[in-house]
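Peer 1: This is the structure I have questions about; it appears just below.
The values are calculated or read from the model by the stated rules, or taken from the named source; none is laboratory data. What you are looking at is a predicted structure, and each value in this text was computed from that prediction instead of being measured. We place every Cβ from the backbone using ideal geometry, glycine too, and count neighbours over all the protein chains shown.
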Ligand SMILES: Nc1ncnc2c1ncn2[C@@H]1O[C@H](COP(=O)(O)OP(=O)(O)O)[C@@H](O)[C@H]1O
Ligand SMILES: O=P(O)(O)OC[C@H](O)CO
C-alpha cells in the first residue's frame with residue numbers, strides 16, 4: 001500500500017488527487033457541479049451532487065493512476081468550509097440543499113444577535129464574528145424553516161454536518177458521524193479555547209446538541225470507506241478544512257509563518273502557535289490544525305472575491321476569454337491612469353465585514369478600457385491582501401517578519417504575485433507544488449497511516465518554485481495603498 005487518495009471538495013468542483021508515498025501527485029480527476037441561487041444572496045448546493053461527484057472523481061483518480069484499492073493506504077479529506085448540511089440519520093437523506101458559505105440569508109438574524117450584545121461572548125469562545133458566513137446561523141435557519149426538524153433533532157433523529165462530515169457519513173455508509181477540529185472551528189458553535197461544542201451558544205441558536213458530530217484530530221481514524229465503493233475498504237485517516245489543509249500543505253508549522261490561497265476568494269492564515277490570539281482588527285482566530293490532541297491556532301483573513309474578479313472580467317464583461325489573458329492586459333495598461341476597483345460583489349469580508357457593500361470603480365476616464373480595468377482587478381487582490389497583512393501585524397507582533405507563501409489557481413498569475421510583493425513590501429514565495437490543499441489532506445492521512453514523516457521533515461521537503469521580491473519604491477507603495485483605503489471608505493459610505 002503505497003499511495004494516498006486526497007479528496008478536495010471545493011465550492012465549484014470536486015477533485016481527487018493520488019499521491020505516492022513521497023507526496024508527489026500522480027493522478028488528478030475533477031468534476032464541476034451546479035450552483036443554485038434561489039434568491040438574491042442565497043447560494044445552495046445539492047447535497048447529493050457533492051457526494052456523487054466526490055465518489056466519481058475518487059474512483060476516476062485511482063483508475064487514472066493505474067492503481068487498485070489495494071494500493072491506497074489511506075484517504076484524506078479536505079473541503080469547502082462552513083457549508084451546512086442536515087440529514088436523516090436513518091435514511092441518510094438530506095432534509096434540504098446544502099447552504100453554502102457564501103449564502104447571506106441569515107444576515108438579519110446575525111444583526112439582531114449582534115444588537116442584543118452577544119458578539120463579544122461568541123468571539124471570545126469561537127474566535128469568529130456574528131456573520132452569516134459561518135454555519136451556526138445557517139443551521140438555525142434550517143431548523144426554523146423545515147417543518148418538524150427541531151423536534152426531530154431533539155429526538156436524535158437528524159445529523160448536522162459540514163461537507164467533511166457529509167462525505168465521511170457517505171463514505172462509511174452511515175457508520176461514522178464525525179468532523180475534525182478545523183471544520184468544527186468554523187461552525188460558530190465550537191469553543192476553540194476549550195475544544196468542545198459550546199452548550200450556551202447552541203442554546204442561543206436553539207440548536208439541539210444531539211445533532212452535532214464527534215470532533216477528532218486532523219490526523220485520526222475517521223472510519224472505513226465502504227468496500228463496494230473501491231473494491232475493498234480503505235481507512236479515512238486525515239481531515240481538514242481546505243484553508244487549513246493548505247496551511248499544512250504549505251508547511252506553515254512554525255509560529256509567524258503565513259500562507260495565502262488565491263482561488264475564488266482569498267484566505268490568509270498566520271500560524272500563531274499554541275496561542276489563541278484574539279484579534280483587535282476583525283480578523284478571525286481559528287484552529288490551524290490539531291495533532292495528537294495539541295491545538296495550533298491561526299489568525300485568518302477571509303476575502304470573498306479574488307479569482308472571482310477575473311471570472312467577472314471573463315463571464316460578466318466578456319473582456320477576456322481566459323484568465324491568463326489578464327497578464328498581457330495589465331502589462332499593456334496605461335501607467336498614467338489610476339483606476340481602483342473595489343470588488344465588493346458579495347459585500348466585504350475581513351477586516352471590514354460589510355455584507356451590505358457592493359463593488360465600485362474609481363478614477364474612470366474617457367480613455368479607460370479593458371487593459372486598465374484588468375490591471376485594477378488584479379491589483380484589487382494585492383490591496384485586499386495588504387489589508388489583511390496590516391491587520392495581522394497590528395494584532396500579533398510575531399507576524400512582523402513575514403514572507404508570504406502563496407497558492408491556489410490565481411497564484412499562477414506572475415503579474416499579480418509581483419504586484420502583491422510590491423504592495424506588501426515583502427517577499428512572496430510560490431512553491432513548486434501548488435496543489436497545496438490536496439497535499440495537506442494527503443499528508444495528514446499519510447501521517448496517520450505511518451507513510452509520511454513528522455511535520456519537521458515534511459517542512460524540509462517544501463520546495464520554492466519562484467520568489468517575488470518587492471520592487472516598488474516605498475513612497476509609491478504607500479501612496480497607492482492610501483488611495484485604495486480611500487476607495488474602500490467611499491464604497492462603504494455609499495452602502496450606508
Ligand atoms: N493565470 C491566471 N491569472 C489570473 N487569475 C487566474 C489565473 N488562473 C486562474 N485564475 C483564477 O483562479 C481561480 C481558480 O482557482 P482555484 O484555486 O481553482 O479556485 P477554487 O478552488 O476556488 O475553485 C479562478 O477564479 C480564476 O479566475
Ligand atoms: O472551495 P474554496 O476553495 O472556494 O474555499 C472555500 C472556503 O473554505 C470558504 O471558507
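Peer 1: Give the number of residues within the stretch 36-59 that are crowded, with 17+ Cβ neighbours inside 10 Å and without any contact (Cβ under 8 Å) to a residue 40 or more places away in the chain.
Peer 2: Summing the residues that are crowded, with 17+ Cβ neighbours inside 10 Å and without any contact (Cβ under 8 Å) to a residue 40 or more places away in the chain in the stretch 36-59 gives 1.
Peer 1: I would also like to ask the following. Test residue 187 against the stated conditions and say whether it is assigned to a helix (DSSP H, G or I), in the same structural domain as residue 56 (by TED's automatic domain parsing) and touching a helix residue (DSSP H, G or I) at 6+ places or on another chain (Cβ under 7 Å). Reasoning before the result, please.
Peer 2: Working: assigned to a helix (DSSP H, G or I): no; in the same structural domain as residue 56 (by TED's automatic domain parsing): yes; touching a helix residue (DSSP H, G or I) at 6+ places or on another chain (Cβ under 7 Å): yes.
Answer is no for this residue.
Peer 1: Residues that are out of contact with any strand residue (DSSP E or B) (no Cβ under 6 Å at 6 or more places or on another chain) and within 30 Å of residue 124 (Cα to Cα): does the stretch 354-370 have at least one?
Peer 2: Yes - at least one qualifying residue is present in the stretch 354-370.
Peer 1: If a residue must be touching a strand residue (DSSP E or B) at 6+ places or on another chain (Cβ under 8 Å) and either more than 16 Å from ligand 1 (Cβ to nearest atom) or not assigned by TED's automatic domain parsing to the domain that holds residue 277 (or both), how many such residues does the stretch 400-409 contain?
Peer 2: Total meeting the criteria: 3.
Peer 1: Turning to a different aspect of this structure: Run down 462, 415, 484 and say which single residue is on the phi < 0 side of the Ramachandran plot and buried (at least 21 other Cβ atoms within 10 Å of the Cβ).
Peer 2: Exactly one of 462, 415, 484 is on the phi < 0 side of the Ramachandran plot and buried (at least 21 other Cβ atoms within 10 Å of the Cβ), namely 484.
Peer 1: Taking the stretch 57-71 as the region of interest, how many residues are in contact with a strand residue (DSSP E or B) (Cβ under 6 Å, 6 or more places away or on another chain) and modelled with pLDDT of 95 or more?
Peer 2: Qualifying residue count, the stretch 57-71: 5.
Each row is one residue, and each column tells you yes or no for (1) over 13 Å from the mean Cα position of the chain (by Cα); (2) buried (at least 19 other Cβ atoms within 10 Å of the Cβ); (3) not in a loop (DSSP other than H, G, I, E, B).
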| residue | (1), (2), (3) |
| --- | --- |
| 271 | yes, yes, yes |
| 276 | yes, no, no |
| 286 | no, yes, yes |
| 305 | no, yes, no |
| 310 | yes, yes, yes |
| 315 | yes, no, yes |
| 318 | yes, no, no |
| 322 | yes, no, no |
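Peer 1: Has the stretch 361-378 got at least one residue that is within 16 Å of ligand 1 (Cβ to nearest atom), touching a helix residue (DSSP H, G or I) at 6+ places or on another chain (Cβ under 8 Å), within 27 Å of residue 461 (Cα to Cα) and in the same structural domain as residue 479 (by TED's automatic domain parsing)?
Peer 2: There is no residue in the stretch 361-378 that is within 16 Å of ligand 1 (Cβ to nearest atom), touching a helix residue (DSSP H, G or I) at 6+ places or on another chain (Cβ under 8 Å), within 27 Å of residue 461 (Cα to Cα) and in the same structural domain as residue 479 (by TED's automatic domain parsing).
Peer 1: In addition: Within the stretch 29-49, can one find any residue that is under 21 Å from residue 102 (Cβ atoms), assigned by TED's automatic domain parsing to the domain that holds residue 162, within 20 Å of the chain's Cα centre (by Cα) and assigned to a helix (DSSP H, G or I)?
Peer 2: Yes, the conditions are met somewhere in the stretch 29-49.
Peer 1: If I filter the stretch 18-35 down to residues being on the phi < 0 side of the Ramachandran plot, away from ligand 1 (no atom under 13 Å from the Cβ) and surrounded by 14 or more Cβ atoms within 10 Å (Cβ to Cβ), which single residue comes out as modelled with the lowest pLDDT?
Peer 2: 21
Peer 1: From the list 355, 335, 351, which residue is modelled with pLDDT under 95 and within 20 Å of residue 414 (Cβ to Cβ)?
Peer 2: Only one candidate qualifies: 335.
Peer 1: To continue, here is another question. For the stretch 247-269: of the residues being outside any strand (DSSP E or B) and within 16 Å of ligand 1 (Cβ to nearest atom), which is nearest to residue 410 (Cα to Cα)?
Peer 2: Quick first cut of the stretch 247-269, residues outside any strand (DSSP E or B) only: 247-257, 263-265.
Applying the additional criterion that residues be within 16 Å of ligand 1 (Cβ to nearest atom) yields 247, 249-250, 263-265.
Working: 247: 17, 249: 17, 250: 16, 263: 6, 264: 9, 265: 10 Å.
Taking the candidates together, the pick is 263.
Peer 1: Which of the residues spanning the stretch 306-350 are within 16 Å of ligand 2 (Cβ to nearest atom) and in contact with a helix residue (DSSP H, G or I) (Cβ under 8 Å, 6 or more places away or on another chain)? Give the derivation first.
Peer 2: As a first pass, look at the stretch 306-350 and keep what is within 16 Å of ligand 2 (Cβ to nearest atom): 306-312, 323, 343, 345-350.
Scanning the stretch 306-350 gives 306, 307, 309, 310, 312, 323, 343, 345, 348, 350.
Peer 1: When you scan the stretch 227-240, do you find a residue that is away from ligand 1 (no atom under 13 Å from the Cβ), in contact (Cβ under 8 Å) with a residue 12 or more places away in the chain and under 21 Å from residue 303 (Cβ atoms), even just one?
Peer 2: yes
Peer 1: Only one of (1) more than 16 Å from ligand 2 (Cβ to nearest atom); (2) buried (at least 21 other Cβ atoms within 10 Å of the Cβ) fails for residue 292. Which number is that?
Peer 2: The number of the failed condition is (2).
Peer 1: Taking residue 327 and the conditions (1) assigned to a loop (DSSP other than H, G, I, E, B); (2) farther than 21 Å from residue 10 by Cα; (3) within 16 Å of ligand 1 (Cβ to nearest atom), which numbered condition does it fall short on, given that it satisfies the others?
Peer 2: Unmet condition: (1).
So that you can scan it fast, the table gives a plain yes or no per residue for (1) surrounded by fewer than 20 Cβ atoms within 10 Å (Cβ to Cβ); (2) within 11 Å of ligand 1 (Cβ to nearest atom); (3) in a loop (DSSP other than H, G, I, E, B):
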position: 398; (1), (2), (3): no, no, no
position: 411; (1), (2), (3): no, yes, no
position: 420; (1), (2), (3): no, no, no
position: 437; (1), (2), (3): no, yes, no
position: 445; (1), (2), (3): no, no, no
position: 451; (1), (2), (3): no, no, yes
position: 457; (1), (2), (3): yes, no, no
